[in-house]
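The values are calculated or read from the model by the stated rules, or taken from the named source; none is laboratory data. Note that the structure is predicted; figures quoted are calculated from it, not measured. For neighbour counting, all protein chains shown are included, and Cβ atoms are generated from backbone atoms with ideal geometry for every residue, glycine included. In case anyone asks, the SASA skips ligands and DNA or RNA and just uses the protein heavy atoms, side chains included. Shrake-Rupley method; radii C 1.70, N 1.55, O 1.52, S 1.80 Å.
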Amino acid sequence: MNVLIKSATVLDSSSEFHNQTVDILIEKGVITNIAKQLDNPKNYKTLSLPNLHVSQGWFDSSVSFGEPGYEERETIANGLKTAALSGFTAIALNANTNPVTDNKSSVNYLKAQAANSPVNLNVVGALTKQSKGEDLAELFDMHTAGAKAFYDYQHAVSNPNVLKIALQYASNFDGLVCSFPQESKISGQGVMNEDITSTSLGLKGNPPLAEALQVARDLYLLEYTNGKLHIPCISTAESVKLIKAAKKQHLNVTCSVPIHNLYFTDEALHDFDTNFKLLPPLRNKKDIAALKKGLEDGTIDLVTSDHNPIDIEHKKIEFDHALFGTIGLESAFSALNTLFDTTTAVSLLTKGKSIYGITQHTIAIGQTADLSLFNPKPKYQFETSHIHSCSSNSVFLKSELKGTVYGVYAKGQLMVK
């Protein structure tokens with residue numbers, strides 16, 4: 001689609017137009033001109049929106065839908081539409097489907113379903129067969145089919161030898177191995193952070209120790225194998241400390257943090273709202289402070305919405321029996337823009353694509369147009385009306401947030417609200 005974007009403020013530190021308000025002409029998916037004022041002699045579609053800002057397309061490294069197997073939670077088509085309307089031009093899709101994405105044909109299926117979407121769907125294949133943690137999945141075959149990483153979503157690799165072999169094997173083709181940071185024998189049946197709040201509520205706790213032990217073990221295995229490891233969704237101060245030390249040793253490790261773990265503490269569970277039943281669980285203020293500092297000093301590489309739609313039948317039940325997870329695509333930018341200044345929020349959403357082998361496109365003449373469109377100013381209360389997902393299990397409901405998203409221009413397509 002050809003489009004002329006009018007009066008857009010560019011937020012892209014790699015662009016010569018950074019912090020400038022300009023018109024952007026896009027023809028056949030390529031930026032062909034940028035200037036203070038552009039005419040429209042060919043009568044292209046004009047996009048003019050209040051306080052419009054544009055940045056490089058945002059990326060979310062941990063997204064779950066449902067299809068195949070759990071379409072009642074989310075379909076691929078609607079999930080990708082939700083991602084686009086939330087400002088994301090690229091996502092990494094987890095393997096927690098039925099059947100699990102653990103072979104080449106499953107990867108091909110997902111990529112084919114997303115072929116016509118403006119959002120670049122990057123498949124994350126399961127690390128082990130059926131994500132059971134016993135035998136490695138078809139890593140190389142999935143890699144050749146286009147899988148960007150390998151991860152048993154929210155399932156810790158309990159057998160250290162399996163992870164050791166995975167790191168060694170994947171290094172032959174520069175594959176990215178992900179390991180969920182939780183020692184399941186320590187976390188047990190915990191449903192929230194183990195602390196004074198869990199004691200007062202009478203809920204079983206998942207101690208920070210469970211995360212720290214797994215992270216420490218995985219880093220030792222990484223040092224032994226000289227592989228490449230991504231630790232998704234850390235939540236504790238100790239994890240930040242361990243990963244920071246590993247990076248100083250020049251180990252090839254990266255990590256992410258869920259946005260909600262930067263925003264809420266475990267005190268949010270006082271009303272037993274199952275939307276706040278999350279994995280990793282919400283921790284305390286000390287952990288949040290350490291996570292934010294980890295983002296500032298570069299220890300933490302990515303933030304993620306950890307978007308995980310759960311149908312109402314598995315959320316509106318007793319807390320102990322509810323499934324873990326929250327949706328987060330729709331609220332991701334606004335939550336970050338509330339916690340940080342807009343430039344930082346955008347940076348957190350655009351950095352780190354290289355970890356997953358995704359090309360970044362600066363906002364410049366001759367570059368592929370891969371743009372997120374938003375307004376950083378409006379303040380509002382997040383309600384169900386802001387949700388585009390099939391499921392509505394959001395921890396941000398009733399939260400006061402800042403900044404709204406218009407949509408995206410990517411893969412030659414414009415999708416706005």
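Would region 46-55 turn up any residue that is of a type in the set (Gly, Ala, Ser), surrounded by 16 or more Cβ atoms within 10 Å (Cβ to Cβ) and within 30 Å of Thr342 (Cα to Cα)?
Checked against the condition, which is being of a type in the set (Gly, Ala, Ser), surrounded by 16 or more Cβ atoms within 10 Å (Cβ to Cβ) and within 30 Å of Thr342 (Cα to Cα), region 46-55 yields at least one hit.
Scan region 173-189 and report the pairs whose first residue is in a helix (DSSP H, G or I) and whose second residue is of a type in the set (Val, Ile, Thr), with Cβ atoms within less than 9 Å and a gap of 6+ or a chain change.
Final answer for the pair search is Phe173/Thr144.
Are any residues in region 251-266 assigned to a helix (DSSP H, G or I) and crowded, with 20+ Cβ neighbours inside 10 Å, and if so, which ones?
Those that are assigned to a helix (DSSP H, G or I) and crowded, with 20+ Cβ neighbours inside 10 Å: His260, Asn261, Leu262, Asp266.
In the set Gly125, Gly205, which member is surrounded by 19 or more Cβ atoms within 10 Å (Cβ to Cβ), closer than 25 Å to Val240 by Cβ, out of contact with any Pro (no Cβ under 8 Å at 6 or more places or on another chain) and not acidic (Asp, Glu)?
Only one candidate passes the filter, namely Gly205.
Criterion first (assigned to a loop (DSSP other than H, G, I, E, B), at pLDDT 95 or above and under 30 Å from Ser7 (Cα atoms)) does Leu49 satisfy it?
For Leu49, the condition - assigned to a loop (DSSP other than H, G, I, E, B), at pLDDT 95 or above and under 30 Å from Ser7 (Cα atoms) - is met.
Out of the residues in region 329-358 meeting the condition of being free of Cβ contacts under 8 Å to residues at least 24 places away in the same chain and not in a helix (DSSP H, G or I), tell me which one is nearest to Val253 (Cα to Cα).
Among those that are free of Cβ contacts under 8 Å to residues at least 24 places away in the same chain and not in a helix (DSSP H, G or I), it is Phe340.
Between a residue in region 387-399 that is more than 16 Å from Lys316 (Cα to Cα) and open to solvent by less than 50 Å² (accessible area, probe 1.4 Å) and any residue that is aromatic (Phe, Trp, Tyr) and at pLDDT 95 or above, which pairs come within a Cβ distance under 8 Å, given they are 6 or more apart or on different chains?
Correct list of pairs: Phe396/Tyr263; Phe396/Phe382; Ser399/Tyr263; Ser399/Phe382.
Considering region 148-159 alone, what residues qualify as being in a loop (DSSP other than H, G, I, E, B), open to solvent by less than 10 Å² (accessible area, probe 1.4 Å) and more than 19 Å from His307 (Cβ to Cβ)?
Residue satisfying the conditions is Val157 alone.
Pick from region 167-202 the residues that are more than 23 Å from Asn252 (Cα to Cα) and among the charged types (D, E, K, R): which of them is most open to solvent (accessible area, probe 1.4 Å)?
Checked region 167-202; the qualifying residue most open to solvent (accessible area, probe 1.4 Å) is Lys185.
Go over the candidates Glu211, Glu223 one by one and state the one that is closer than 30 Å to Phe173 by Cα, open to solvent by less than 40 Å² (accessible area, probe 1.4 Å) and charged (D, E, K, R).
Every option except Glu211 fails the conditions.
Of all residues in region 1-20, count the ones that are of a type in the set (Asp, Glu) and either buried (at least 19 other Cβ atoms within 10 Å of the Cβ) or touching a His at 6+ places or on another chain (Cβ under 6 Å) (or both).
Number satisfying all stated conditions: 1.
Which of the following residues is of a type in the set (Val, Ile, Thr), in contact (Cβ under 8 Å) with a residue 12 or more places away in the chain and more than 30 Å from Leu414 (Cβ to Cβ): Thr97, Thr89, Thr101, Thr128?
The unique qualifying residue is Thr128.
Check off (1) open to solvent by less than 50 Å² (accessible area, probe 1.4 Å); (2) touching a Leu at 6+ places or on another chain (Cβ under 8 Å); (3) assigned to a loop (DSSP other than H, G, I, E, B) for Asp23 and give me the number that stays unchecked.
(3)
Kindly establish whether Leu269 is open to solvent by less than 60 Å² (accessible area, probe 1.4 Å), under 19 Å from Gln182 (Cβ atoms), of a type outside the set (S, T, N, Q) and free of Cβ contacts under 8 Å to residues at least 60 places away in the same chain.
So Leu269 does not fit the description; no.
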